[in-house]
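The values are calculated or read from the model by the stated rules, or taken from the named source; none is laboratory data. Everything numeric in this text was worked out from a predicted model, so none of it was measured. Don't worry about glycine lacking a Cβ; one is built from the backbone with ideal geometry, like all the others, and counts go over all protein chains shown. These area figures cover heavy atoms from the full protein model, side chains too; ligands, DNA and RNA do not enter into them. Shrake-Rupley method; radii C 1.70, N 1.55, O 1.52, S 1.80 Å.
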There are 2 protein chains.
Amino acid sequence: MPLQNESFLQACRGERPAQTPIWLMRQAGRYMPEYRAIRSRVSFNELCRSPELCAEVTLQPVDFLGVDAAILFSDILVVFDALGIDVRFEPSPVLSAPVRTEAEAKALRWGDPHETLGYVFDAVRACKRALADRVPLIGFCGAPFTTLSYLVEGQTSREFERIKGMIFAAPAVFAGLMERMTTLLCEYLRGQVLAGVDALQIFDSWAGALAPADYRAHVLPHLARLVDFTRGLGVPTILFARGNANLLAQVAELPADVLGIDWSIDLDQAIRVTGPERVVQGNLDPMVLLGTPALVESKARDIVAAGRAAKAHIFNLGHGISRHTDPAIARLLVEVVHAASASSTTSA
Amino acid sequence: MPLQNESFLQACRGERPAQTPIWLMRQAGRYMPEYRAIRSRVSFNELCRSPELCAEVTLQPVDFLGVDAAILFSDILVVFDALGIDVRFEPSPVLSAPVRTEAEAKALRWGDPHETLGYVFDAVRACKRALADRVPLIGFCGAPFTTLSYLVEGQTSREFERIKGMIFAAPAVFAGLMERMTTLLCEYLRGQVLAGVDALQIFDSWAGALAPADYRAHVLPHLARLVDFTRGLGVPTILFARGNANLLAQVAELPADVLGIDWSIDLDQAIRVTGPERVVQGNLDPMVLLGTPALVESKARDIVAAGRAAKAHIFNLGHGISRHTDPAIARLLVEVVHAASASSTTSA
């Protein structure tokens, strides 16, 4: 059955729908009382492993905000189930067995995600059933570097001393792990597409941990392999490298359908880097949603206007929505983006 | 008495000394066993408030590393003594009384730093005595935005929700606090110069928390006032805004004598932004010092070579040195920078 709202996928293909499509990173989450109600009954880990609850949470912002795409409720770290490594959320993630030495790296058992992550694919199917073709469903994973950073650091890090220490002191160990991690992520995303997702987003959330020369030498080739692989899966890929807008020129060398832009760069400047033939997604600072409605409207209109210089534009935040956000303000943002882009099309 | 080693101050003035001068951010700190020996006897707060111990710690890297400048051992947060606010280090800083509302902002008592921060000025004098004109002494403060971020967040923050919430929801309260904070910092730096420091560095460590348009609107005017003020103090000013190389173009509009560059941008690209008539300082990723000696030497040589495109170059790390660094590797870096820059001058 065709989707009732195709605007997000049209933009992914480089077409310009009547209104700028919008979804919000972390749109299913703690800022929504309906989400908190479910989390009061089950832990984060239980929620990620319950396909029916994942579907319920995934649809909450579709119903309330009126966004143009759903994103599977899950976490980039569930992929560690394929390595038999537990992740506790306290509330930030802590891994049961970080990998820091060559011996620990060699001892890893790389399981088959098609076997070990079946609950994610079940969740995709449950989401698709619940969505009933209202809007497309986005699947996702962490990029190889970001995922490996968690594996080596063992938790969220500020300075990334362990993973960078590995890159600089034991580059061959790092490269071997990146190779295996990339292969795992390829299969994990293939499983999501086979289960029915309509698009994929790759989150390189910790890209900004590396200087440009090191990102190019140690990360970009693996990311390129992942993006090349997903292009063969038949759905569009969004590539979002966060934390250093300086890396955008490198990331834009890869053939991702859509380039995610974080809030650290003005969107018009970002489009000068990517060129006018690319599709961009972004990039309102989520903290603006803690401000007045007038400010939200003004900043959203600026970004809609800037987005017209790209081949197509998907509105999003430049980072995940804050848990302190008033859901009504998030809904206002969706309305403003739709109205502003529709009226600017008319006046063009 | 003239300094025995003037190379750092020559570079600050835009001259090119025989060797590229080098010092390392956080060069007096936990990676040095001599520092840890002192910290085993006194707390961080006691150390900051003991002029003689500050002098001892300040000189440790001058003796061991052979750097071309000393930087006063202190912390950007001691300035809160002027507001009667205590900071505990657990080990990251926690303020006794964060300021989040307009009422709390109005209730602040802005003390005179010349009265409340006398121990810092005593430490400057003790350092100068101990240095006996071997190398110049750098004083410093946090930039207004960074200092205010701590006051509002109450601790180190990852997302800066409270300070950004204030900017977006109560911009007049934020602006009033920035105005007062800037005035306080002007007087604090004046006190350091009166006590004898030879140069100043302003650390805008959290600059990267704001999108470019917001940094320009809400931060840059106050930073400009501080830099204009320090230029009247008769010593060179280094301005180091960290976390978003995208802000470098804005920061370079200010007349600081030296622009500090963090590691998130290649130095040659940074110099293209600042132009060839500016003095730059930076920018080796401190985590490179966790790598092999060959890698340290290779990366240091690249940065020395790139620095030749600027009017003058002071070698430094692009962020504070890691506590996991082997002091011998830090000393190797100093030797490599001196040797590489001397030989490149000869061959030119």
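Observations, loosely collected:
- In the protein assembly as shown, the DSSP-assigned H stretches of four residues or longer account for a calculated mean residue ellipticity at 222 nm of -14500 deg cm²/dmol, using -39500 (n - 2.57) per stretch and the full residue count as denominator.
- Averaging the sequence gap over all C-alpha pairs within less than 8 Å and six or more residues apart, then dividing by the number of residues, gives the range A:96-180 a relative contact order of 42 percent.
- FRET efficiency estimate (nearest 0.05) - Cβ-Cβ, B:LEU194 to B:ARG36, R0 35 angstrom: 0.60
- Helix A:293-307 and the long axis of chain A differ in direction by around 80°, with both axes built from C-alpha atoms.
- Where labels lie 7 Å past Cα in the beta-carbon direction, separation of A:TRP110 and A:ALA309 in nm: 4.1
- Farthest positive-ward along the range B:123-278 dipole, Cα basis, beta-carbon charges - from B:GLY139, B:LEU254, B:LEU223: B:GLY139
- Contact order normalised by residue count of the range B:59-217, Cα under 8 Å, 6+ apart, percent: 30
- Modelled spin-label separation between B:ARG129 and B:PHE44, with each label point placed 7 Å from Cα along the Cα-to-Cβ direction: 2.8 nm.
- Principal-axis analysis of the Cα atoms of chain A puts helix A:327-347 at an angle of about 60° to the longest axis.
- DSSP bridge orientation in chain B - percent antiparallel, rounded to nearest 5: 15
- Applying the criteria of a DSSP loop state and at most 14 other Cβ atoms within 10 Å to the trypsin sites (Lys or Arg not before Pro) of the range A:42-122 yields A:ARG109.
- Shortest-first nm distances, B:GLU104 label point to equivalent points in other copies (7 Å, Cα→Cβ): 3.8
- DSSP-loop trypsin sites (Lys or Arg not before Pro) across the range B:285-348, with at most 15 other Cβ within 10 angstrom: B:ARG323
- Antiparallel bridges, percent of DSSP beta bridges restricted to the protein assembly as shown (to nearest 5): 15
- Nm distances between copies for A:ASN45, ranked from closest, using label points 7 Å along Cα→Cβ: 3.8
- In this assembly of identical copies, the label point of A:ASP228 (Cα plus 7 Å along Cα-to-Cβ) is separated from its counterparts by 5.5 nm, sorted shortest first.
- Computed FRET value (nearest 0.05) for A:SER96 with A:GLU15, which takes r as the C-beta separation and R₀ as 45 Å: 0.50
- The alpha-carbon of B:LYS299 sits under 18 angstrom from the alpha-carbons of these aspartates and glutamates, leaving out residues fewer than 8 places away in its chain: A:GLU161, A:ASP214, B:ASP262, B:ASP266, B:ASP268, B:ASP285, B:ASP326, B:GLU335.
- At least 20 Å² accessible surface lost relative to isolated chain, residues of the range B:228-269 (1.4 Å probe): B:ASN244, B:ASN246, B:TRP263, B:SER264, B:ASP266, B:GLN269
- Rounded to the nearest 0.05, the FRET efficiency derived from the C-beta distance between A:GLN4 and B:ASP302 at R0 = 51 Å is 0.40.
- Shown for the range B:283-302: residues covered by the partner protein chains by 10 Å² or more of accessible area relative to the chain by itself (probe radius 1.4 Å), namely B:ASP285, B:MET287, B:VAL288, B:LEU290, B:GLY291, B:THR292, B:LEU295, B:LYS299.
- Heavy-atom accessible area buried between chains A and B is around 2900 Å² (1.4 Å probe, both sides summed).
- Principal-axis analysis of the Cα atoms of chain B puts helix B:144-153 at an angle of about 50° to the longest axis.
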